[in-house]
Amino acid sequence: MTLLAEGTSSAAEAALPELLAAAFPFHLAVDGAGRVVAVGPSLLRAAPGLTIGNEVGDHLEVLAPIGLQLRPDALTGHERSLVLLNALDGRLTLRGQLTRSGELAVFLGSPWVTDPGQLEPLGLSLADFAVHDPVADFLMLLQAQTAALADAERLAARLIEAAAAQAQLAAAERQLAAELDAIPDLTLRLNSAAMLLEVRPARDGQLSVPALELLGTSATELFPSWASRLPRALHRALTSGVTQALAFEQQGDDRRVGHYEARLTPSGADEVLVLVRDVTERRELERRLTEQAFTDPLTGLANRALLIDRIGHAISAAGRDASDVQPPVLLLIDLDDFKTVNDTLGHPAGDRLLTEVADRLREHTRPGDTAARLGGDEFAVLLSAGGPPDLGGDLAQRLLEALGEPVDLDGRQVHPRVSIGVAAADAELDQDGLLRNADLAMYVAKNAGKHRWAAFHPDFHEQVLDQLALETDLRTALGHVSGTSGAADGGQLDVHYQPVVELSSGTTVGVEALLRWMHPTRGAVSPADFIPLAEDVGLIGELGSWVLHRACQQAAAWQRDRAGEALTVSVNLSIRQLEQPGLYEDVRSALTASGLPPESLILEVTETALLNYTDAVLQAMTQLRTLGVRMALDDFGTGYSSLSRLRNLPVDMLKIDRAFVAQVCDGGVDSAIARAIVELGRALQLSVV
C-alpha cells in the first residue's frame, strides 16, 4: 500500500512520526512479542511505562469485548476491531481501532472521559472533548474521524514499514559483522590506491601491530611481498567487477615463510573487499600428502608411481632433444634371497637391510637421476638422458660391488646379493615397455647365477619363454618320478654316483649322489640350469627329498652287497631345504626306510650358500647332526668364509673346490692353497676331501 502520493518529498516522509503523533496522540504499536515499538505522546503521558521495548501488558488493561488481545497473532480474521484500553488505573478509557500490519498491531484511538478531572494528568480539558453519553459520543467521534482514520492508517503503515526496514538494516549489519567475525581470514577494505580503510584480524596475534594503527596506510606495508602484484589485481577487480585471486608468500617475524591466498572482490565504485587466508598449514599438508603419494615410506626413495611418471617425462624429453643425446636408461634391481633374511632374522632386520640398500643407491646416483623402491625387495634407478652409452652398465657393475658389501644386522654379517637388469629407452617404448625390458634383463641375470647384471637384448623374450617352458617340463619330470625309483622306471630324472676314492689305498670309500635330467627333446639339462630354477619356483624341496631317499636306498643296497663294508653317500642340500621345517623328519625317514646307518650319510652345503647363514640354518644343521649324519662344506675356498664363521659352522668335513684341485699336481698357487686348506681342516679337526 502506498502511503504517500507519488512525488512526496523525503522531508514529508521524515515528518511521518510527527504527523502521526499530531493526528493520533494516543496511537500505540506493538510487535509480535507484545513489546511497544511506537507510542503517542499523550498516551505516553497517561501511561509512562509504555516506553519503547517494554511489555504492553504491564501498563495497560485490555478490554476487548470480542475477546481479542493487543497482539498481532490475536487478530487472525479481523482487519479492524474495536478495542477498549484502560489506563491511569481505570481513570482513562481509550476507544479506537486495532489494525494488523505484518507482525505489528497498531492501535489508533481517542480518549473517552466521563469525569473532567481525568483529563488533567494528560494536560487536556473538556474543551477538547464533548462529554456526552459514552456510546453516542464515541460513535459520533468515529463518524467524524472516518476519513482521518483512513489517512492516519496509511501514515501509520508507512511509519511501520520504515521502522521495519530500519530494523532489518540493523539486523543485516549485525549479521554481516557476525559473519565477518566468523570468517577465518584477515579481512581488509581497500580503496583503488591500496590504502587500508578497514582491517579486521581473523584471530588474535595474526597481525604484528594493532589493526587501528594500520588504517590509512598502504596494504603493501602489511604484506611487502605482494607490492608488485597488488595494484594490478586491484585495477582488474575494479574495472571488470570480477573477483581476483592472488597467491603470495611472506616471511614472518620468526623468519618462517608463510603461504597466503587473497581474494579481491569489488564492494563499491572505489573500494575492494580483500579476504586474506593463511594457507601455510594446508600447503604443508598438501606437501606431505604428495610425498606420501610418491615416496616409499620405508626408504624415502621414489615409489613406483613417481618412477613411472619420471620415465614418461624422460622418454618425452629424449624424443624432443637432438639425436646425439643418449636416451634414458633404467636399472631394475632385485635382492636375491631376501625372503631368507625376512623369515629367519625377522621383518625389522629385513627393513634395515632395505634402508641400507636405499642409502647405497643414493650414494651412487647423480642428482638428476631417480632411485626408487618398487615394492618388496625390488629397486630401480632411472638415469636421465645424457652421459656415455655404457653408463648403465658401468653403474650396474658399481652397484654390484657396493650393494654386495656386508651389512651388520644385530651383530650378524649379511652379504646382500642382487640381480640387475639394464634397459635403454627408444622412440617406440613407453613406460611399461621400458620396465618390461629391464625386468626381462633382471630375470636373465638372476637365472644366470644371481649377483650379476644383464643388459636387455631382444632375444631375452625367447629366453624367458624358454625358461617358462623348462619350468613346466621340470614339474612334469618330477611328477613322473614321485613315488618311483626314477629313470629305471621310465622317468627323465635319475641319480648318478661319483666315487670317492681314498688316495692312500685306492679304495672307494664313498659316493656322491648327482642328480641328472635327461629331457626328451632337449637332451641332458645341466644342473646349473635346472637346480636354480627349482629353487626359484619352489620345487627344490620335493626334488631334494626324492634324491635323498633314492641315494639312501642305493647306498644301503651297496653296503649289503659289500657284506656290510662301510660306504658313505654324499647328498647335496640347498639352502632353501635347510630353511624348510620338515627337513629333519625327511632325513630321518630316508634313513629308517632304507636301513642306511646315519654315519654313512653326508649332507653337503656349498660355502657360497652359507655366506648369509642364519640362526635357523645353523639350528637345522645342528639338529641334523643329532641323527648321526655328517655335514660337509662343499666347494670350500670360493665363498670367502672367515675363520670365525667357519669355526661356528656345525660341519664335519671340508670339500676343496675343484678350481684348486684341478692344477694341484702342477705346483704353484693352486697347490699351495690346497695344502693350506688341508692344514686348516686338520687344525679344526675336520676331514678334508
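The values are calculated or read from the model by the stated rules, or taken from the named source; none is laboratory data. Remember, predicted model here, so these are calculated numbers, not experimental data. Ideal geometry is used to build each Cβ from the backbone, glycine not excepted, and the neighbour counts take in all protein chains shown.
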| said: Considering only segment 328-336, I want to know if a residue exists there that is at pLDDT 90 or above, in contact with a Leu (Cβ under 6 Å, 6 or more places away or on another chain) and not aromatic (Phe, Trp, Tyr). | reply: yes
| Among the numbered criteria (1) at pLDDT 85 or above; (2) under 19 Å from ASP278 (Cα atoms), which single criterion is violated by SER192? | (2)
| query | Being over 28 Å from ILE420 (Cβ atoms), basic (Lys, Arg) and surrounded by fewer than 20 Cβ atoms within 10 Å (Cβ to Cβ), is that true of even one residue in segment 293-306? | reply | no
| query | How about segment 417-476: which of its residues are of a type in the set (Val, Ile, Thr) and in a helix (DSSP H, G or I)? | reply | VAL444, VAL464, THR472, THR476
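One line per residue, one yes/no per condition, for (1) assigned by TED's automatic domain parsing to the domain that holds LEU515; (2) at pLDDT below 90; (3) closer than 20 Å to ALA513 by Cβ; (4) part of a helix (DSSP H, G or I):
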residue	(1), (2), (3), (4)
GLY564	yes, yes, no, no
VAL569	yes, no, yes, no
PRO581	yes, yes, no, no
SER589	yes, no, yes, yes
GLU599	yes, no, yes, yes
TYR613	yes, yes, no, no
ALA620	yes, yes, yes, yes
| The one condition in (1) surrounded by fewer than 19 Cβ atoms within 10 Å (Cβ to Cβ); (2) at pLDDT 90 or above; (3) farther than 30 Å from ASN437 by Cα that THR521 fails to fulfil | (3)
| remark: Among the residues of segment 240-266, the number that are touching a strand residue (DSSP E or B) at 6+ places or on another chain (Cβ under 9 Å) and surrounded by fewer than 18 Cβ atoms within 10 Å (Cβ to Cβ) is 16
| query | Here are some conditions: (1) closer than 18 Å to LEU465 by Cα; (2) in a helix (DSSP H, G or I). HIS549 meets all but one. Which one does it not meet? | reply | (1)
| query | Quick one: LEU353 ticks every box in (1) in contact with an Asp or Glu (Cβ under 8 Å, 6 or more places away or on another chain); (2) at pLDDT 90 or above; (3) buried (at least 18 other Cβ atoms within 10 Å of the Cβ) bar one, so which box is it? | reply | (1)
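With VAL678, VAL669 as the choices, which residue is outside any loop (DSSP other than H, G, I, E, B), under 18 Å from VAL501 (Cα atoms) and modelled with pLDDT under 80?
Details: VAL669 fails: under 18 Å from VAL501 (Cα atoms).
That would be VAL678, the only listed residue that is outside any loop (DSSP other than H, G, I, E, B), under 18 Å from VAL501 (Cα atoms) and modelled with pLDDT under 80.
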